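> Take this structure, written in structure tokens, and hold onto it; I'll ask about it next.
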Amino acid sequence: MAIVLFTDFGAGDLYVGQVKAVLQRFAPGIAVIDLLHEAPAFNVRAGAHLLASMVGRFAEDSVFLTAVDPGVGGARNAVVVQADERWYVGPDNGLLSVLAARAAKSDCRRIVWQPQQLSASFHGRDLFAPIAAALAAHGELPEGWFEHAGGLDLEFGGDDLPEIIYVDHYGNAHTGIRASGIAREASLVLGARRLSYARVFSEVAEGEAFWYQNSQGLVEIAVNRGSAARLLGLKVGDGVAWA
Amino acid sequence: MAIVLFTDFGAGDLYVGQVKAVLQRFAPGIAVIDLLHEAPAFNVRAGAHLLASMVGRFAEDSVFLTAVDPGVGGARNAVVVQADERWYVGPDNGLLSVLAARAAKSDCRRIVWQPQQLSASFHGRDLFAPIAAALAAHGELPEGWFEHAGGLDLEFGGDDLPEIIYVDHYGNAHTGIRASGIAREASLVLGARRLSYARVFSEVAEGEAFWYQNSQGLVEIAVNRGSAARLLGLKVGDGVAWA
Amino acid sequence: MAIVLFTDFGAGDLYVGQVKAVLQRFAPGIAVIDLLHEAPAFNVRAGAHLLASMVGRFAEDSVFLTAVDPGVGGARNAVVVQADERWYVGPDNGLLSVLAARAAKSDCRRIVWQPQQLSASFHGRDLFAPIAAALAAHGELPEGWFEHAGGLDLEFGGDDLPEIIYVDHYGNAHTGIRASGIAREASLVLGARRLSYARVFSEVAEGEAFWYQNSQGLVEIAVNRGSAARLLGLKVGDGVAWA
């Protein structure tokens, strides 16, 4: 059992610690794992695909607290999704919709509970954290805090996203395309460039660019001992195609 | 019960792990929460106001290990402050003085204990960590490690600081002004610019700048889906006024 | 008892959380300490010296999971080293060789076990984490997972490295030279510059550069309240000498 955090709050910023203080208060002794706090800021679609690529490796009773939430404090709803025996707490802005669409079964509840103090800008701390803690500590949804929802308000669907959705600190560019469906002979097209497949970094020369199946199962653009993002001028949102 | 860390040691650097190794040895099983390791480097006054804005949300028996400490290894003293039932370990250079001035009651003890190995540059690991661990593990000050002090050597006082004290990774600029005392009609003055109040990001147009009460209760300058720091050229230390 | 992580996976990136999910599954309740995730990328030699400078402060039963591993997925072996009662899991590419050479006694075993799912690019998660977890949870090597090795395949030796091996976020430049062997009268030579020794930052004027014995025992180049890296144009790999 663990609470897993996936946000754009910033790994070095002052937000994550405030979330953890709430979790520690309401779910003491339960492990908290920082999966990512550098999800592309304000980019809900990229975050939705990135999150969906990683959840399958977590234990079935995991509780995810998720926030890429530019509309916080506005009209968007907040939800708890149960998908393939894992729980997800977060905004109903599409962030949870890719993993829900890909799950064998999923269920959605709208959050109606409000804490005594609810800031306009930090629902991760004030709303999602107490709910994630309650779920993790008790293994079930607190009575009366939710209403059943037919589905999510905003759905991106479960299809791949042929774009760069994340650039890591090495400069590797992750796409929203699952590599299992792509033939190894295919060339990845990036503007005027074409990249071939390699199984692993050390199979290509130093400084050479290639695509491969990364450890999350996604198509990734990389350079052996170099930064693909810098070398090829890549950024989140750039489109990719196949030839 | 938790040990809460507030430092300028760097979230990605090799210092925090060394502190945690000491805490784990002397206070095994006690939760450690990273509140912030990116406090503005060498800027004790900004750190003092930032810390003071956040401590009220932590449980009353929390033990804070604090370090923004450019004078480490020199003549400044080290202290333990007890303020409103929370404990704070750190340098006596003003860092703890804002929260102490604002507390209903506070008490200050000078650290006289010295560890067997005390590096000149890393008291966070060698001095503050064993003391924070002892406090957290035993709930009281070890006998003979302290002498009573009439007050802190350096006091900034409890008043607001009309400056930018922190810029977060979104580019939002936090000031040292508590928002509860500011009328919503007031315009925040930044050089030649005037910014109006908004309750929340989604109330203004994309790319528009405004001020609001942030989740720590401070006046913050922000831009909807953009970076206020980049757009307005803001940095820690810039002064702000009202009109 | 703790599992200590030393990698170039990036403190803000999505890799460390995936490692921790595996550790949490196979070694629940055991403390995990992030020592460093910003080891210079691809630079195994710098990482080897940096790691060796810090291990002595960790408890004797600590289990280190280490990865600076540009050859992951290629021909390099993976090993478990036991040195001075601490355990180290990582690639056999020299990363563990400096600490092993300096240990009073050390012992090396090659990893022959393979997990059911082994990605080509993330042995830290798929191979090293289950082994580190097993070691930490059971205190011994799982039967049949290893074969005895006469020594490491790649050895850098235990001598000092007269180069900059790390630049921290303050801009301080750590060298691979142990300060205990250097006379305080010696001048550190950096290209055309010579720097004198100071015991501590506050002993020199603001903005002045000096060398000192840092808290890991290494010779470090620093500037009081400033960035030595920026002021002197320093980067990892730059050579240093004495005069």
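> Filter region C:115-126 down to the residues that are touching a Phe, Trp or Tyr at 6+ places or on another chain (Cβ under 9 Å) and modelled with pLDDT of 95 or more, then identify the one that is nearest to C:Phe6 (Cα to Cα). It would help to see each step written out before you state the result.
Going through region C:115-126, the residues touching a Phe, Trp or Tyr at 6+ places or on another chain (Cβ under 9 Å) turn out to be C:120-122, C:124-125.
After this cut, where a residue has to be modelled with pLDDT of 95 or more as well, the list is C:122, C:124-125.
Values: C:Phe122: 15, C:Gly124: 10, C:Arg125: 13 Å.
The residue in question is C:Gly124.
> If A:Gly74 passes every condition in (1) touching a residue at least 12 places away in the same chain (Cβ under 8 Å); (2) in contact with a helix residue (DSSP H, G or I) (Cβ under 6 Å, 6 or more places away or on another chain); (3) of a type outside the set (S, T, N, Q) but one, which one does it miss?
(1)
> For region A:165-179, how many residues are of a type in the set (Phe, Trp, Tyr) and out of contact with any Leu (no Cβ under 7 Å at 6 or more places or on another chain)? If you could, list the steps in order and put the result at the bottom.
Start the filter on region A:165-179 by keeping residues that are of a type in the set (Phe, Trp, Tyr), which leaves A:166, A:170.
If we keep only those that are out of contact with any Leu (no Cβ under 7 Å at 6 or more places or on another chain) too, we end up with A:170.
Residues flagged as of a type in the set (Phe, Trp, Tyr) and out of contact with any Leu (no Cβ under 7 Å at 6 or more places or on another chain) within region A:165-179 amount to 1.
> Among the residues of region B:124-146, is any in a strand (DSSP E or B), away from chain C (no Cβ under 14 Å) and out of contact with any Asp or Glu (no Cβ under 8 Å at 6 or more places or on another chain)?
The initial filter retains those residues of region B:124-146 that are in a strand (DSSP E or B), namely B:146.
Applying the additional criterion that residues be away from chain C (no Cβ under 14 Å) yields B:146.
If we keep only those that are out of contact with any Asp or Glu (no Cβ under 8 Å at 6 or more places or on another chain) as well, we get B:146.
Among the residues of region B:124-146, at least one is in a strand (DSSP E or B), away from chain C (no Cβ under 14 Å) and out of contact with any Asp or Glu (no Cβ under 8 Å at 6 or more places or on another chain), which makes the answer yes.
> Does A:Arg184 count as surrounded by fewer than 21 Cβ atoms within 10 Å (Cβ to Cβ), out of contact with any Gly (no Cβ under 6 Å at 6 or more places or on another chain), at pLDDT below 95 and not in a strand (DSSP E or B)? Don't jump to the end; show me each part of the working.
Values: surrounded by fewer than 21 Cβ atoms within 10 Å (Cβ to Cβ): yes; out of contact with any Gly (no Cβ under 6 Å at 6 or more places or on another chain): yes; at pLDDT below 95: no; not in a strand (DSSP E or B): yes.
Against the criterion (surrounded by fewer than 21 Cβ atoms within 10 Å (Cβ to Cβ), out of contact with any Gly (no Cβ under 6 Å at 6 or more places or on another chain), at pLDDT below 95 and not in a strand (DSSP E or B)), A:Arg184 does not qualify.
> Checking A:Glu203 against (1) in contact with a Leu (Cβ under 8 Å, 6 or more places away or on another chain); (2) surrounded by fewer than 19 Cβ atoms within 10 Å (Cβ to Cβ): exactly one of these is not met. Which one?
All conditions are met except number (1).
> Quick test of your reading of the structure: B:Pro70 fulfils all but one of (1) within 14 Å of the chain's Cα centre (by Cα); (2) part of a loop (DSSP other than H, G, I, E, B). Name the failing condition by number.
Answer for B:Pro70: the failing condition is (1).
> Name the single residue that is modelled with the lowest pLDDT among those in region B:16-39 being more than 18 Å from the chain's Cα centre (by Cα) and within 11 Å of chain A (Cβ to nearest Cβ). Break it down into steps so the answer makes sense when it comes.
Taking region B:16-39 as the starting set, the residues that turn out to be more than 18 Å from the chain's Cα centre (by Cα) are B:17-18, B:20-31.
Now narrow it down to the ones that are within 11 Å of chain A (Cβ to nearest Cβ): B:29-31.
Working: B:Gly29: 93, B:Ile30: 96, B:Ala31: 96.
Only one residue fits best here, namely B:Gly29.
> Could you list all residues from region C:54-68 that are touching a residue at least 60 places away in the same chain (Cβ under 8 Å), in contact with a Lys or Arg (Cβ under 8 Å, 6 or more places away or on another chain) and either of a type outside the set (Val, Ile, Thr) or within 11 Å of chain A (Cβ to nearest Cβ) (or both)?
The initial filter retains those residues of region C:54-68 that are touching a residue at least 60 places away in the same chain (Cβ under 8 Å), namely C:54, C:61-68.
If we keep only those that are in contact with a Lys or Arg (Cβ under 8 Å, 6 or more places away or on another chain) as well, we get C:61-64.
Selection gives C:Asp61, C:Ser62, C:Phe64.
> For region B:131-156, name all the residues that are in contact with a Phe, Trp or Tyr (Cβ under 6 Å, 6 or more places away or on another chain) and farther than 13 Å from B:Arg110 by Cβ. Reasoning before the result, please.
Step one: of region B:131-156, the residues in contact with a Phe, Trp or Tyr (Cβ under 6 Å, 6 or more places away or on another chain) are B:133, B:135, B:145.
Passing the criteria: B:Ala133, B:Leu135.
Here's the yes/no breakdown for (1) under 30 Å from B:Ala179 (Cα atoms); (2) aromatic (Phe, Trp, Tyr); (3) surrounded by 14 or more Cβ atoms within 10 Å (Cβ to Cβ):
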| site | (1), (2), (3) |
| --- | --- |
| A:Phe122 | yes, yes, yes |
| A:Gly144 | no, no, no |
| A:His148 | no, no, no |
| A:Asp159 | no, no, no |
| A:Tyr166 | no, yes, yes |
| A:Ala173 | no, no, yes |
| A:Ala179 | no, no, yes |
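Table: residues versus (1) in contact with a helix residue (DSSP H, G or I) (Cβ under 9 Å, 6 or more places away or on another chain); (2) free of Cβ contacts under 8 Å to residues at least 40 places away in the same chain; (3) more than 9 Å from chain A (Cβ to nearest Cβ); (4) not acidic (Asp, Glu).
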{"residue": "B:Glu185", "(1), (2), (3), (4)": "no, yes, yes, no"}
{"residue": "B:Leu188", "(1), (2), (3), (4)": "no, no, yes, yes"}
{"residue": "B:Ala198", "(1), (2), (3), (4)": "no, yes, yes, yes"}
{"residue": "B:Glu208", "(1), (2), (3), (4)": "no, yes, yes, no"}
{"residue": "B:Gln213", "(1), (2), (3), (4)": "yes, yes, no, yes"}
{"residue": "B:Ala222", "(1), (2), (3), (4)": "yes, no, no, yes"}
{"residue": "B:Leu232", "(1), (2), (3), (4)": "no, no, yes, yes"}
{"residue": "B:Gly237", "(1), (2), (3), (4)": "yes, no, yes, yes"}
{"residue": "B:Val240", "(1), (2), (3), (4)": "no, no, yes, yes"}
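> Tell me which of these C:Asp69 doesn't satisfy, since it passes every other one: (1) crowded, with 22+ Cβ neighbours inside 10 Å; (2) closer than 22 Å to B:Ala31 by Cα; (3) of a type outside the set (A, V, I, L, M, F, W, C).
(2)
> Inspect region C:107-121 for any residue being farther than 28 Å from A:Glu203 by Cα, in contact (Cβ under 8 Å) with a residue 12 or more places away in the chain and not polar (S, T, N, Q) and give the result as yes or no. Walk me through how you get there before you give the answer.
Of the residues in region C:107-121, the ones farther than 28 Å from A:Glu203 by Cα are C:107.
If we keep only those that are in contact (Cβ under 8 Å) with a residue 12 or more places away in the chain too, we end up with C:107.
Right, trim to not polar (S, T, N, Q) and you get C:107.
Yes: one or more hits.
> On to the next question. Just checking, which of C:Leu188, C:Leu154 is closer than 30 Å to C:Val32 by Cα and within 25 Å of the chain's Cα centre (by Cα)?
On the way: C:Leu188 fails: closer than 30 Å to C:Val32 by Cα.
After applying the criteria, what remains is C:Leu154.
> Would you check if C:Ala83 is without any contact (Cβ under 8 Å) to a residue 40 or more places away in the chain and farther than 23 Å from A:Val223 by Cα? Don't jump to the end; show me each part of the working.
Numbers: without any contact (Cβ under 8 Å) to a residue 40 or more places away in the chain: yes; farther than 23 Å from A:Val223 by Cα: yes.
Criteria met by C:Ala83.
Rundown of residues vs (1) within 14 Å of chain C (Cβ to nearest Cβ); (2) of a type outside the set (A, V, I, L, M); (3) surrounded by 23 or more Cβ atoms within 10 Å (Cβ to Cβ), yes/no style:
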| position | (1), (2), (3) |
| --- | --- |
| B:Ala41 | yes, no, no |
| B:Ala52 | no, no, yes |
| B:Gly74 | yes, yes, no |
| B:Ala101 | no, no, no |
| B:Cys108 | no, yes, no |
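> Continuing with the same structure: Of all residues in region C:1-10, count the ones that are buried (at least 23 other Cβ atoms within 10 Å of the Cβ) and either facing chain A (nearest Cβ under 7 Å) or among the hydroxyl-bearing types (Ser, Thr, Tyr) (or both).
The qualifying residues number 1.
> Given the conditions (1) over 26 Å from C:Arg199 (Cα atoms); (2) surrounded by fewer than 15 Cβ atoms within 10 Å (Cβ to Cβ); (3) at pLDDT 95 or above, which single one is not true for B:Val112?
(1)
> Sticking with this one: Conditions: (1) assigned to a strand (DSSP E or B); (2) at positive phi. A:His174 meets all but one. Number of the miss?
(2)
> For region A:89-115, what are the residues that are out of contact with any Asp or Glu (no Cβ under 6 Å at 6 or more places or on another chain), closer than 14 Å to A:Val44 by Cβ and assigned to a strand (DSSP E or B)?
A:Gly90
> Restricting to region C:110-123, give me the number of residues that are within 11 Å of chain A (Cβ to nearest Cβ) and under 18 Å from C:Asn93 (Cα atoms).
4
> Quick one: C:Asp84 ticks every box in (1) within 14 Å of chain A (Cβ to nearest Cβ); (2) surrounded by fewer than 23 Cβ atoms within 10 Å (Cβ to Cβ) except a single one, so which number is it?
Of everything listed in (1) within 14 Å of chain A (Cβ to nearest Cβ); (2) surrounded by fewer than 23 Cβ atoms within 10 Å (Cβ to Cβ), C:Asp84 misses just condition (1).
The values are calculated or read from the model by the stated rules, or taken from the named source; none is laboratory data. None of the values given here were measured: they were computed from a predicted structure. Cβ coordinates were reconstructed from backbone atoms using ideal geometry, including for glycine residues, and neighbour counts include every protein chain displayed.
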